[in-house]
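First the structure, in the form of structure tokens, and then the observations on it.
The values are calculated or read from the model by the stated rules, or taken from the named source; none is laboratory data. All of these numbers come straight from a predicted model, not from anything done at the bench. In this analysis, Cβ positions are derived from the backbone assuming ideal geometry, glycine residues included, and neighbour counts consider all displayed protein chains.
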Amino acid sequence: MRLTLIIVLLLTPCAVFAALTGCIEDMEAISQVSKFRVLGIQADPPEIAPGESTQMRALFADPQELGITVMWFPVEGLITPSSMASSQMDLVWFPAVTEVMNGIASYGSNIAVPSDYLNDLPTDKCSDEAGENWREDSACKKTVTMFILACAGGEIDPQITSAIGSIQTALQQFLAKEITSAELESIITAAFSTMEGTLGSFEEMNDIEALCQGEGAEAIISTKTFKVSFSDHKNAVPQIDNLSLEIDDAWIVNTPWTEPGEPPVFTCNGENGCRDGAEIHAYLTPDSFQTYLKKEFDVWKTVDERTYISWFTDGGNFDADRSGNNGEVDDPFEVTWIPPRDGGVFTLWAVSHDIRGGVDWKRYTISAVVP
């Protein structure tokens with residue numbers, strides 16, 4: 001069996017990847033998709049109040065068509081993926097296995113938190129007596145973390161659910177002190193590979209092939225968080241409004257993969273195959289540009305939320321792995337896509353992010369033709 005284990009923390013994907021693997025000059029660009037990848041994980045909305053719910057989704061690329069199965073694991077708190085009307089005995093968040101359809105896996109139903117979820121917050125910091133902006137204080141918010149195990153080209157061993165106790169212990173150890181990237185990798189992999197519920201070091205781990213069953217199976221472990229708070233400035237996902245390509249000196253709107261329509265055709269101008277690039281502009285919806293309160297040197301300030309788009313493609317390459325704008329609705333997120341020399345039809349993923357954990361995406365098809 002060949003099993004590839006990748007640790008992905010999606011809050012800062014590039015930084016974590018570099019920290020865990022080191023810098024390799026000839027490494028494939030982050031935006032190039034040639035193998036099984038997780039491209040984004042979304043909690044929608046990424047911040048909720050007690051008694052509200054969020055929906056968890058994950059975006060995968062599977063260019064080799066291995067077939068992907070996803071298991072979602074609980075880490076913290078009394079959470080139910082069913083109904084707020086459930087009895088108190090039902091308020092537990094259980095692991096669930098879901099299939100990936102059209103590149104997307106969902107946690108099945110909304111993830112709801114009980115109305116009393118924040119009742120244990122410190123009253124000296126989290127009450128009207130503590131200050132008018134206490135609702136925005138990080139001490140008055142809880143972070144819920146989801147672990148995700150994705151298996152491509154194989155099946156998840158059903159006994160892996162017995163590792164839940166290890167995962168919870170691993171998170172407690174992770175939060176208890178600052179640790180290095182190597183230690184974090186050891187903790188997470190040990191949690192998933194130790195079936196008896198006790199942690200071991202990276203060298204002492206049990207056989208991690210127990211994660212996925214099947215010859216040539218590959219595994220990815222990812223995490224995603226969302227906030228529970230009383231905030232008046234709750235985060236929302238930064239939604240992609242539209243994407244267009246410059247073709248023959250005109251901007252042609254490209255419809256997402258999930259909507260009907262032919263992909264725009266970009267005719268290369270190179271005399272020896274495709275060598276020039278297609279200019280791409282993407283825009284976010286107006287409500288994607290939010291403001292929120294942030295405490296700086298004991299002074300509360302209203303700041304603009306920063307957004308950016310990460311780019312991925314299964315053919316060609318980009319002149320940048322991600323792009324930002326000046327924070328204005330009518331200012332585009334710009335990138336140049338250079339198709340392969342022989343042209344063809346390719347998939348492009350635009351994954352939007354904000355700095356508070358909001359994620360959204362659209363999938364597009366692009367055609368490049370050699371004259």
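Values computed for the structure shown
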quantity: Boolean, Ser109 is under 30 Å from Phe60 (Cα atoms), at pLDDT below 75 and part of a loop (DSSP other than H, G, I, E, B); calculated: yes
quantity: Qualifying residue in the stretch 293-311 (condition: surrounded by 14 or more Cβ atoms within 10 Å (Cβ to Cβ) and closer than 18 Å to Ser367 by Cα); calculated: yes
quantity: Breaking point among (1) at negative phi; (2) assigned to a loop (DSSP other than H, G, I, E, B), for Val335; calculated: (2)
quantity: Subset of the stretch 338-359 (residues that are in a strand (DSSP E or B) and among the charged types (D, E, K, R)); calculated: Asp354
quantity: Complete set of residues in the stretch 223-263 that are touching a helix residue (DSSP H, G or I) at 6+ places or on another chain (Cβ under 9 Å), within 22 Å of Ala58 (Cβ to Cβ) and modelled with pLDDT of 90 or more; calculated: Ala236, Val237, Pro238, Gln239, Ile240
quantity: Qualifying residue in the stretch 117-137 (condition: of a type in the set (Gly, Ala, Ser), on the phi < 0 side of the Ramachandran plot, surrounded by 14 or more Cβ atoms within 10 Å (Cβ to Cβ) and modelled with pLDDT under 85); calculated: yes
quantity: Residues that are over 30 Å from Cys140 (Cβ atoms), in contact (Cβ under 8 Å) with a residue 24 or more places away in the chain and assigned to a loop (DSSP other than H, G, I, E, B), drawn from the stretch 221-268; calculated: Thr255, Pro256, Trp257, Thr258, Pro263, Pro264, Cys268
quantity: Cβ pairs under 9 Å, 6+ apart, first in the stretch 273-295 and touching a residue at least 12 places away in the same chain (Cβ under 8 Å) and over 30 Å from Gly131 (Cβ atoms), second among the basic types (Lys, Arg) and surrounded by fewer than 19 Cβ atoms within 10 Å (Cβ to Cβ); calculated: Gly273/Arg341; Cys274/Arg341; Arg275/Arg341
